[in-house]
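Only the coordinates and a few stated rules stand behind these numbers; no lab work does. The shown structure was predicted, so the numbers you read here are calculated from the model rather than taken from an experiment. When we count neighbours, we look across all protein chains shown, and the Cβ atoms used for this are built from the backbone with ideal geometry, even at glycine.
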């Protein structure tokens, strides 16, 4: 069976702005802490795009692990020591559509 990819568009709510690497570390740490190293590897999680001005990003994962990744994003409570929350806005099947959605998202 072929593993297809899904793209999650997520929003970061935090009093501070964070870099792409900080967001990536927090997401992977949250997935590893919640479901373990095995599912971190199997899910194929990768931060594809992150806009620091809009605090919105695109995360890629395999479709079989979409719900696990969504759950782990909801359980992230801090990024780089500051309080934060990650909200999944939409899931899509193509990177092109995900990039188009975040580029049309308004500044907050």
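Annotations
- Every Cα-Cα pair of the chain was included, and the share exceeding 24 Å stands at 17 percent.
- Under a Gaussian network description of the chain, with springs only between Cα atoms under 10 Å, the residue in 20, 32, 96 that fluctuates furthest is 96.
- Label-point gap, in nm, between residue 85 and residue 21 - each point 7 angstrom along Cα→Cβ: 2.9
- Full extension of the chain between residue 51 and residue 4 gives 14.4 nm of extra length, using 0.36 nm per residue less the Cα-Cα distance.
- 17 Å cut-off, amide nitrogen to a point 7 angstrom out along residue 97 Cα→Cβ, residues in region 53-78: 58-64, 66-67
- Residue-averaged 222 nm ellipticity for the chain, from DSSP H runs of 4+ at -39500 (n - 2.57), nearest 500: -11500 deg cm²/dmol
- Estimated inter-spin distance, residue 104 and residue 28, nm [label 7 Å along Cα→Cβ]: 3.2
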